[in-house]
Amino acid sequence: MLKVKNLSKKIGNAFALQGVNFCAQKGELLLFLGHSGAGKSTLLRTLCNLEDYEEGVISYNGHCINNHVGMVFQHFNLFEHLTVERNITLPLEKCLKKTKKEATETAFFLLDQYGLLDKAKNSVLTLSGGEKQRLAIARTLSLNPQIICFDEPTSALDPLLATQIRGTLEDLCEQGKIVLVATHDMTLASKLKKYTLHFMKNGSIVESCKSDEFYKDKESFPSMSSFLSL
Ligand code: ADP
């Protein structure tokens with residue numbers, strides 16, 4: 001289980017995160033909603049160890065979260081000057097100390113799964129936005145994280161591709177991953193099937209519920225309802 005307790009972080013003199021608490025179980029999909037500047041990205045970046053924090057505890061099954069979490073960035077953060085295949089093999093060789101053969105096997109397995117096998121030798125620069133995102137997901141999965149964070153996964157995609165990413169998020173949960181999504185995309189939120197919602201404001205989670213609970217009793221969650229324009 002992922003547990004975040006009383007997490008606070010300052011940027012300058014202001015709190016970017018303040019007293020954030022939540023838990024997530026294997027296979028759970030969590031959506032962090034909120035307007036721009038609410039702290040969603042900072043929360044995911046902090047979980048992924050890309051930001052320091054002043055206070056709080058982040059744990060996965062009672063241990064440090066470090067090697068269990070991966071991030072798919074909003075603008076993908078691929079190595080643009082490398083080939084598709086090398087984008088996966090390089091982190092495997094450098095971070096996980098895999099041999100070239102092991103790294104290549106993993107890369108080809110994932111590229112096949114994400115429909116990019118025929119592009120393996122191409123430069124990343126030749127990929128479309130949707131292909132870049134699939135590569136970013138494959139690269140994150142290659143490191144076998146149990147928790148995967150997506151920062152605004154639909155913001156760089158056209159509506160058709162946004163539909164595909166919804167399926168991918170749900171598939172990852174079915175595989176038992178914990179999936180955390182920061183988004184201000186109301187369409188994404190309204191079309192996913194089953195998830196936990198956390199609404200953020202000024203660095204804090206101000207409303208939380210399960211999706212079915214929300215749709216049964218929207219009046220109890222005024223910030224979320226107004227955000228989702230319901
Ligand atoms: P969201 O993802 O919900 O749009 P962010 O996590 O990006 O929100 O931002 C949370 C708060 O932290 C905002 O007030 C933002 O201005 C501030 N912030 C985030 N990153 C930085 C930074 N690098 N320097 C200064 N302020 C930042």
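The values are calculated or read from the model by the stated rules, or taken from the named source; none is laboratory data. Small disclaimer: the values here were computed from a predicted structure and weren't measured. Note that we place each Cβ from the backbone using ideal geometry, even for glycine, and neighbour counts take in every protein chain shown. The area values use the complete protein model at the heavy-atom level, side chains included, leaving out ligands, DNA and RNA. Shrake-Rupley method; radii C 1.70, N 1.55, O 1.52, S 1.80 Å.
Could you work out which residue, out of Ile11, Ile147, Ile178, moves most in a Gaussian network model of the chain, that is, has the largest mean-square fluctuation with Cα springs under 10 Å?
Ile11
Any idea what diffusion coefficient the stretch 60-108 gets from Stokes-Einstein, in µm²/s, Kirkwood Rh on alpha carbon pairs, 4 °C, 1.567 mPa s? The partial results should precede the final answer.
Working: Rh = 12.4 Å.
Answer, rounded: 105 µm²/s.
Out of Gly39, Leu110, Ser220, whose Cα points farthest toward the positive end of the dipole of the chain (charges: +1 Lys, Arg; -1 Asp, Glu; placed on Cβ)?
So the residue we want is Leu110.
Over 22 Å, how big is the tail of the calculated P(r) for the stretch 12-92, in percent of all Cα pairs? Each step should come with its number before you reach the end.
Working: 1235 of 3240 pairs.
That tail contains 38 percent of the Cα-Cα pairs.
Under a GNM of the chain (C-alpha, springs under 10 Å), which listed residue has the highest mean-square fluctuation: Glu28, Glu174, Glu54?
Glu54
Placing +1 at every Lys and Arg Cβ and -1 at every Asp and Glu Cβ, with all other atoms neutral, what dipole size does the chain have around its Cα centre, in debye to the nearest 20? Intermediate values should be presented prior to the final figure.
Details: 27 positive and 25 negative charges, 75 e Å.
Result for the chain is approximately 360 debye, rounded to the nearest 20.
Over the stretch 25-95, give the accessible area per residue in Å² for a 1.4 Å probe, as an integer.
On the way: 3510 Å² over 71 residues.
Accessible area per residue, the stretch 25-95: 49 Å².
Taking the Cα atoms only, what angle lies between the long axis of helix 100-113 and the longest principal axis of the chain, rounded to 10 degrees?
Result, in degrees: 60.
State the answer as a single residue: which of Cys48, Thr187, Gly19 lies farthest towards the positive end of the charge dipole of the chain, with beta carbon charges of +1 for Lys and Arg and -1 for Asp and Glu, about the Cα centre.
Farthest towards the positive pole: Cys48.
Restricting things to alpha carbons, tell me how big the chain is in terms of Rg and Dmax, in Å.
Considering the chain through its Cα atoms, Rg and Dmax are 17.8, 56 Å.
Could you give the length gained by full extension between Ser223 and Lys26, i.e. 0.36 nm per residue of separation minus their alpha carbon distance, to one decimal place? Let's see the in-between values first.
Values: separation 197, 0.36 × 197 = 70.92 nm, distance 2.74 nm.
Contour length minus Cα-Cα distance gives 68.2 nm.
With the calculation restricted to Cα positions, what are the radius of gyration and Dmax of the stretch 124-230 in angstrom?
Calculated on Cα positions, Rg and Dmax stand at 14.9, 48 Å.
Given a Förster radius of 25 Å and the C-beta distance between Glu174 and Asn77 as r, what FRET efficiency does 1/(1 + (r/R0)^6) yield to the nearest 0.05? Walk me through the numbers before you get to the answer.
Working: r = 26 Å, r/R0 = 1.04.
Calculated value: 0.45.
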